[in-house]
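Derivation of every value follows stated rules applied to the coordinates shown; laboratory data play no part. These figures come from a predicted structure and were not determined experimentally. Neighbour counts run over all protein chains shown; Cβ positions are idealised from the backbone, glycine included.
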């Protein structure tokens, strides 16, 4: 941020700051070079300063919801999108777009979808950053959150079953779930599914987790298998995590720390 503040901002650039107390955006124009000032000349405790000619203020309430959210955190330094800057400058000159109630609801719904989508991708990033052993533990955590008792196979030769789950934890009651976990970038093919089917026995249900996804042939192989098999890719994992995170145990929350985000009710 300091390098941007010093080197990328130029005289004549439009800058915007925010007053959370008044819910107003301050719009100004840079009219001087970067300066590093002595302690007795600091402004608000800051030694890195630039002179700005403040032009006016814009109430946050007159901006479209999508623009409000695109402005991001006021604790960092970033470039505005062209559309956001256009909305702010229009409001500054008294030409703010007045949205109808249906348009506001549509704008809010679209923004919510964007936030949910971004959160989904961030969760996937966290999942993909896990080690192979941690991925197996994550799958076991999800199954426990769904009400099953689980057992993660010890490290060693791959016998096609990484996690086992059942209502009693002993596999004496059904459903008896056997899980294969592949944490790699490449898609799993039909041969991998056939090999997995080979370790299933009567009364077993198969769950094949692949962070690299599955080929079309693999999905076909799972559909035609004599045992029920569910294929889980990274998108499915993220959805399962969100659906059952409230029931994650301590180990699960330590493995994948997430926080709840609240959204205004419609």
(request) With a ≥ b ≥ c taken as the square roots of the eigenvalues of the C-alpha gyration tensor of the chain, please select rounded if a/c is under 1.5 and otherwise prolate if a/b is larger than b/c or oblate if it is not? (result) prolate
(message) I'd like to compare 208-214, 184-190: which one has the highest average count of other Cβ atoms within 10 Å, and what's the full order after that?
(response) 208-214, 184-190
(message) Report for the range 119-266 the percent antiparallel among DSSP-assigned beta bridges with both residues inside it, nearest 5.
(response) 35
(request) Sum -39500 (n - 2.57) across every DSSP H segment of at least 4 residues in the chain, then divide by the residue count to get the 222 nm mean residue ellipticity, nearest 500. (result) -10500 deg cm²/dmol
(request) Among DSSP beta bridges lying fully in the chain, give the percent that are antiparallel, nearest 5. (result) 65
(request) Take each of the peptides 251-263, 167-179, average the number of other beta-carbon atoms within 10 Å over its residues, and list them starting from the highest. (result) 167-179, 251-263
(request) Please give, to one decimal in nm, the separation of the simple spin-label points placed at residue 61 and residue 10, each 7 Å out from Cα toward the Cβ. (result) 3.8
(request) Please work out the Cα center distance from the range 23-88 to the range 192-235, rounded to the nearest Å. (result) 53
(request) Sort largest first and round to whole Å: the equivalent ellipsoid semi-axes of the range 2-98, each the square root of five times a Cα gyration tensor eigenvalue. (result) 26, 14, 13
(request) Starting from the Cα gyration tensor of the range 43-90, take the square roots of the eigenvalues, sort them a ≥ b ≥ c, and report rounded, prolate or oblate (rounded when a/c is under 1.5, otherwise prolate if a/b is larger than b/c, else oblate). (result) prolate
(request) Would you please classify the overall shape of the range 116-266 from the alpha carbon gyration tensor, given that a ≥ b ≥ c denote the square roots of the eigenvalues, rounded means a/c under 1.5, and beyond that prolate means a/b larger than b/c while oblate covers the rest? (result) prolate
